[in-house]
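Read through the structure below, which is laid out as structure tokens, and then see the notes.
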Amino acid sequence: MDWVERVGNLRQWAQNGVRAPHKPLLMLYALGSFQRDPLGSMRYSEIEHELSELLEDYGPTRRTSPSYPFHHLVSDGVWEVRTDSGAGSPGTGVRVLRESGARGQLAGGLRAALSHDPELLGQLAQMLLDRHFPPSVHPDLTAAVGLDLETVDGARGAAGPASRRRRAAELRRDVLVAYEYRCAFCGFDGAIGRVPVGLEAAHVRWWAFQGPDDLANCLCLCSLHHKLFDRGVLGLDPGRRITVSREFVGRSPAARRQVLDLTGRELTGPQHGSARVAPAHITWHTAQVFRGEPRMAEGRAAPVQRSGTP
């Protein structure tokens, strides 16, 4: 059984780049649980709250019950569910999952493979992260599901082919040159000697969702604003001005200066002759990543409402 291929081909609802990482999130959560307790199972009523938080924090902007991946992941052959009455999932109903004592765990064959090959866990986890989430959120997400990949050799070996890593390095260089080694949001331009530090090439439409590796899909952002952009705190409007989510809360002077005061600000760069971010990628980010509605910039008219289509 090729478990890497099976986990990599989880059946998901997908259309026009719409994010549906519900099964991958449950798989990551289950891998974290297995790492801590290989023999344990997870009662739905006891993990429902944590799964809901994962979907809210790392899932799409639309709300979805954790009962759906808990039930439907069974059909992929990597997950099994039992109730107090025996094997088999009782369905997607929240009430029936709670009252039946439904418990889920990785499929028996997968558990045996993980026990036989300790590196497999890291390979599966890293593949799920790479295929469904941007690198900037990987540390936060692994912590949220209780995965320790620092001690797993398979994760280090699954970071992608050498050609992909070389292309990422080349893209970062091209993006930094286009934006003249400055964060497009705040203008940060730190360096140690001749080496830029804290500046990254940020995809607008994520690479995991067919986002191209070119300047029309990238921004040069500092580490802070890159993460906030990938978490949906920051975005762009059709005029390429910075948007800030109304859901963001920050009361300190630093939060106002580094986030809230960005509302409505024009991007810094790119330099003349370099490709600007394409409208289609901005539309995707607004629909699939940006959280809630944008704040209104002081002294400006009401912001454009988010689009309902990717």
- State whether one or more residues within region 50-60 are over 16 Å from the mean Cα position of the chain (by Cα) and not hydroxyl-bearing (Ser, Thr, Tyr). yes
- Item | Ala107 surrounded by 13 or more Cβ atoms within 10 Å (Cβ to Cβ) and under 17 Å from the mean Cα position of the chain (by Cα) | no
- Message: Can you report the number of residues in region 10-42 which are touching a residue at least 40 places away in the same chain (Cβ under 8 Å) and closer than 23 Å to Ala113 by Cα?
- Response: 20
- Query: Out of all the residues in region 187-215, which are surrounded by fewer than 16 Cβ atoms within 10 Å (Cβ to Cβ) and either part of a strand (DSSP E or B) or touching a residue at least 60 places away in the same chain (Cβ under 8 Å) (or both)?
  - Reply: Gly187, Ala191, Ile192, Val195, Gln210, Asp214
- Query: Do we have any residue at all in region 291-299 that's within 25 Å of the chain's Cα centre (by Cα), closer than 20 Å to Cys183 by Cα and surrounded by 19 or more Cβ atoms within 10 Å (Cβ to Cβ)?
  - Reply: no
- Go through region 101-146 residue by residue and tally those that are over 18 Å from Val78 (Cα atoms) and either of a type in the set (D, E, K, R) or in contact with a helix residue (DSSP H, G or I) (Cβ under 9 Å, 6 or more places away or on another chain) (or both). 13
- Item | First in region 114-129 and touching a residue at least 12 places away in the same chain (Cβ under 8 Å), second anywhere and of a type in the set (Ser, Thr, Tyr), Cβ under 9 Å, 6 or more apart | Gly122/Thr151; Ala125/Thr142; Leu129/Thr142
- Kindly list the number of the only condition in (1) within 20 Å of Gly122 (Cα to Cα); (2) surrounded by fewer than 17 Cβ atoms within 10 Å (Cβ to Cβ); (3) of a type in the set (D, E, K, R) that fails for Lys23. (2)
- Message: Here are the criteria: (1) within 18 Å of the chain's Cα centre (by Cα); (2) in a helix (DSSP H, G or I). Tell me which single one Thr64 does not satisfy.
- Response: (2)
- Message: Among (1) buried (at least 19 other Cβ atoms within 10 Å of the Cβ); (2) not in a helix (DSSP H, G or I), there is one condition Pro38 misses while meeting the rest; what is its number?
- Response: (1)
- Task: Among the residues of region 249-275, count how many are touching a residue at least 24 places away in the same chain (Cβ under 8 Å) and surrounded by 14 or more Cβ atoms within 10 Å (Cβ to Cβ).
- Result: 12
- Item | When residues of region 89-108 are limited to those that are assigned to a helix (DSSP H, G or I) and charged (D, E, K, R), the one farthest from Ser41 (Cα to Cα) | Arg95
- Message: Just to verify a result, which residue in region 155-180, among those that are acidic (Asp, Glu) and part of a helix (DSSP H, G or I), is modelled with the lowest pLDDT?
- Response: Glu170
- Query: Going through region 172-186 one residue at a time, which ones are buried (at least 21 other Cβ atoms within 10 Å of the Cβ) and β-branched (Val, Ile, Thr)?
  - Reply: Val175
- Query: In region 67-88, which residues are in contact with a Ser or Thr (Cβ under 8 Å, 6 or more places away or on another chain), surrounded by 15 or more Cβ atoms within 10 Å (Cβ to Cβ) and either part of a loop (DSSP other than H, G, I, E, B) or not hydrophobic (A, V, I, L, M, F, W, C) (or both)?
  - Reply: Ser67, Tyr68, His71, His72, Arg82, Thr83
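Let me confirm something: among Val204, Val233, Val195, Val244, which residue is modelled with pLDDT under 95 and of a type outside the set (Gly, Ala, Ser)?
Among Val204, Val233, Val195, Val244, only Val195 is modelled with pLDDT under 95 and of a type outside the set (Gly, Ala, Ser).
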- Is region 272-293 home to any residue that is modelled with pLDDT of 95 or more, touching a Cys at 6+ places or on another chain (Cβ under 9 Å), assigned by TED's automatic domain parsing to the domain that holds Val204 and among the β-branched types (Val, Ile, Thr)? yes
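The values are calculated or read from the model by the stated rules, or taken from the named source; none is laboratory data. Because the structure is predicted, anything quoted here is derived from the model rather than measured. In this analysis, Cβ positions are derived from the backbone assuming ideal geometry, glycine residues included, and neighbour counts consider all displayed protein chains.
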